[in-house]
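Below is one structure, written out as structure tokens; comments come after it.
The values are calculated or read from the model by the stated rules, or taken from the named source; none is laboratory data. Quantities reported herein were computed from a predicted structural model and do not represent experimental measurements. Cβ: placed from backbone, ideal geometry, glycine included. Neighbour counts: every protein chain shown. Side chains are part of the model used for accessible areas, which takes the heavy atoms of the whole protein and leaves out ligands, DNA and RNA. Shrake-Rupley method; radii C 1.70, N 1.55, O 1.52, S 1.80 Å.
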Amino acid sequence: MKNKQIVLAKRPRGVVEEDDFRIVETEVPALADGQVLTRVHYLSLDPYMRGRMEESKSYAAPQALGEVMIGGTVAEVIESKNARFSPGDFVVGMAGWQQYQVSDGAGLRKIDVSVIPPSAYLGSVGMPGVTAWYGLTQIGRPQSGETVVVTAAAGAVGSVVGQLAKLRGCRAVGVAGGKAKCQLVMDEFGFDACVDYKSESFKDDFRAATPKGVDVVFENVGGAVFDASLARMNAFGRIALCGVIAGYSGQSIAMQNVRSLLVNRVLLQGFIVAEHMEFWPQALAELSQRVAAKRIRYRETVAQGLENAPRAFIGLLEGKNVGKQLVKLV
Ligand SMILES: NC(=O)c1ccc[n+]([C@@H]2O[C@H](COP(=O)([O-])OP(=O)(O)OC[C@H]3O[C@@H](n4cnc5c(N)ncnc54)[C@H](OP(=O)(O)O)[C@@H]3O)[C@@H](O)[C@H]2O)c1
């Protein structure tokens with residue numbers, strides 16, 4: 001049986017291009033004792049992959065050239081010589097950008113797809129959801145009545161942050177690119193306000209949306225967008241620094257309002273969700289219960305077919321996605 005895979009062909013210079021990737025075809029090997037063969041249904045595309053394509057110093061080793069691109073997946077067990085898995089089981093894992101994976105089962109987690117659809121385990125009930133939960137509850141620590149600002153608010157992480165903040169009695173203010181996304185953030189995800197950072201009146205609109213200042217920032221973007229929140233910080237505010245996507249392709253993310261951190265005695269903490277595995281069970285318990293009860297809503301942008309993954313990934317970095325960006329392989 002053939003396995004289509006996408007490997008990293010070369011390291012991008014600035015903006016990612018489709019020819020940074022290459023499709024290869026390999027033979028699926030026969031299973032040895034203890035191994036399991038899975039077929040990928042959904043591949044998750046995430047901004048962190050941009051960082052792995054580089055060789056610069058980071059919290060994780062770079063993606064090796066010529067190797068299958070790293071990536072979270074939901075897959076179905078096709079064949080098993082491992083007592084933990086049976087054909088028909090659905091599992092979350094890190095099969096990467098390929099159709100099939102043979103593994104010893106380490107790192108595969110069985111999921112129940114009878115109530116929550118498989119794709120959601122890569123979004124609001126998966127890594128992005130836990131990222132939202134961890135940054136908000138453990139670093140932002142919002143109190144009822146406080147104002148929580150969330151950037152990239154229409155995305156996989158941001159959309160969950162705002163909904164969790166609302167469930168904790170906060171005023172949730174989103175920042176997103178464009179009127180349509182902002183409308184969705186308010187209408188579908190229930191934020192109290194959403195400000196379009198691409199609008200010329202962004203700074204004024206942001207001030208109007210935060211009449212009592214800002215207590216908690218969940219920052220996904222960096223640069224001028226982040227600076228708008230700093231200008232509105234209240235004393236003893238908290239900032240969960242989750243991402244700086246505005247700078248992932250090497251753009252300048254210079255900021256003006258750093259003094260606000262000092263004068264407002266602000267706590268700022270960067271974090272990597274994979275380093276806090278002890279919180280995942282608690283986070284996933286709340287997220288799965290809220291999603292099943294439709295108290296947390298989610299959107300997905302789904303590309304069809306593995307060969308369209310590079311284009312969809314470039315689209316994610318350009319803001320073409322709404323909600324979680326996925327690739328459907330089956
Ligand atoms: N620390 C961690 O452990 C961790 C884990 C997961 C994710 N993250 C970070 O969380 C953030 C969101 O990730 P996600 O998976 O939920 O992605 P996402 O928000 O679904 O998609 C990325 C979004 O970023 C926005 N964006 C892209 N370029 C931008 C720019 N120059 N200025 C402003 N906004 C821009 C786009 O929305 P607009 O149309 O609104 O611009 C785009 O849709 C990323 O920064 C990611 O690196 C961190």
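The share of accessible area on the chain that comes from carbon and sulfur is 51 percent, using a 1.4 angstrom probe. For Lys320, the aspartates and glutamates whose Cα falls under 16 Å of its own Cα, not counting residues fewer than eight places away in the same chain, are Glu17, Glu18, Asp46, Asp196, Glu300. What is the Cα centroid distance between segment 211-247 and segment 289-330, reported in whole angstrom? Segment 211-247 and segment 289-330 have Cα centres spaced 25 Å from each other.
Per residue, the accessible area of segment 16-66 comes to 53 Å², computed with a 1.4 Å probe over protein heavy atoms only. Accessible area per residue was computed with a 1.4 Å probe on protein heavy atoms; Met1 scores about 110 Å². Dividing the mean sequence gap of close Cα pairs (under 8 Å, 6+ apart) by how many residues the chain holds gives a relative contact order of 18 percent.
Measuring between their Cα centroids, segment 76-118 and segment 133-198 lie 33 Å from each other.
Quick check: from the Cα gyration tensor, does segment 26-136 come out rounded (a/c under 1.5), prolate or oblate? In terms of gyration-tensor shape, oblate. A Gaussian network model of the chain, with springs between Cα atoms under 10 Å, assigns the largest mean-square fluctuation among Arg50, Arg13, Arg238 to Arg13. Each peptide in 256-268, 167-179 was scored by the mean count of other Cβ atoms within 10 Å over its residues; highest first, the order is 167-179, 256-268.
Among the listed pairs Lys181/Lys203; Lys57/Lys179; Lys10/Lys110, which have their C-alpha atoms separated by more than 28 angstrom in this model?
Cα-Cα > 28 Å for Lys57/Lys179; Lys10/Lys110; rest within.
In the context of the full set of protein chains, residues of segment 122-228 present 33 Å² of accessible surface per residue (probe radius 1.4 Å, heavy atoms only).
Surface listing: Ile111, Ile23 arranged by accessible area from highest to lowest gives Ile23, Ile111, probe 1.4 Å.
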